[in-house]
């Protein structure tokens, strides 16, 4: 048994979600793996792989990855170590995302095949369109296609090696910016995603960072609905209308940044974990003062309203707390108080990257 090799079994009370047409249930609490991209990485190589290893050993089973995070090879090492130790592959839920430069139909499958090579897996449980914004094609560096990992020369974020321009130097008076590919529609990319599912490379497919209008447009052009929509959501950005639309269409909403976006929050911005209303709810339930209790409230609020999530952490004590989600039950009064906190506030503001006023 893998429990004899340092891996705990998944917590019995950890909530799970049933996706349409999928026999396997998705854990509603996972771990995020973003610590920056090529030009703004916050942690040295190996950090995220070590965190995923700790997560799996504590009983976590959902891992949210993306090729754009540039760390799928080290995550794959941790995942395969767990499998080798006896954790069943079917007990794991590994997600990844199609990066912006690979939205054209001919580029989507090679991108997923590269992800599978780096993860050391035959399939991912969920594959998402990371952003519905096509970039110009960025080829991998020589040799990257056939070996695990990505060289330090590979730069898919600004597409600067293709365009010769970085975002910070964009002339915002002109449109389109050189890194946007104006010749690809969401329907072309979604058709490619459907083919990846048919090929068995992804068991489920979905999208990220869509508002109702674009999600509705996508549904109008396909019979294969996304299984999951992943968006920013936390008590300051509650997304109730989007949640209702997803529920009406059988789409599982999944929240990133459920505690507020630590990587992008400004020094003078409001912070979810410091909110006094959330602190009072935590104290009411005997969780004490401090961010740990507020985090537990946020995650319980998230899953109780039917939203899955994957908070990023590198700390074992925080992982242990996240895995207790399901033990705390908020009441109607708690929900009513949290509802008053909604400000439609996004910490992630991609207009500074893409040259598009994204959330306007």
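A few points about this structure:
- Stretch gain in nm, segment residue 50-residue 141, where the contour uses 0.36 nm per residue and the Cα spacing is subtracted: 30.2 nm
- For the range 70-152, the spread of Cα positions along each principal axis, largest first, Å: 42, 26, 18
- Helical runs (DSSP H, four residues minimum) scored at -39500 (n - 2.57) apiece and divided by the length of the chain put the mean residue ellipticity at 222 nm at -9500 deg cm²/dmol.
- Computed extension gain for residue 274 through residue 165, at 0.36 nm per residue and net of the alpha carbon distance, reaches 35.4 nm.
- Spherically averaged projected area of the convex hull of Cα atoms, the range 205-295: 7.3 nm².
- Were the residues from residue 349 through residue 105 laid out at 0.36 nm apart, the gain over their Cα-Cα distance would be 85.1 nm.
- Computed over the range 19-91, the Cα gyration tensor eigenvalues convert (square root of 5λ each) into semi-axes of 23, 15, 10 Å, ordered from largest to smallest.
- In the range 14-353, the alpha-carbon atoms span a convex hull of 140 Å³ per residue.
- The range 265-281 versus the range 142-199: alpha-carbon centroid distance in Å: 35 Å
- Cα centroid separation, the range 1-41 to the range 315-360 (Å): 18 Å
- The distance between label points at residue 214 and residue 283 comes to 4.2 nm (points 7 Å beyond Cα on the Cα→Cβ vector).
We did not get these values from a lab; they are worked out from the coordinates using the rules stated. What you are looking at is a predicted structure, and each value in this text was computed from that prediction instead of being measured. With ideal geometry, Cβ positions are generated from the backbone for all residues, glycine too; neighbour counts draw on all protein chains shown.
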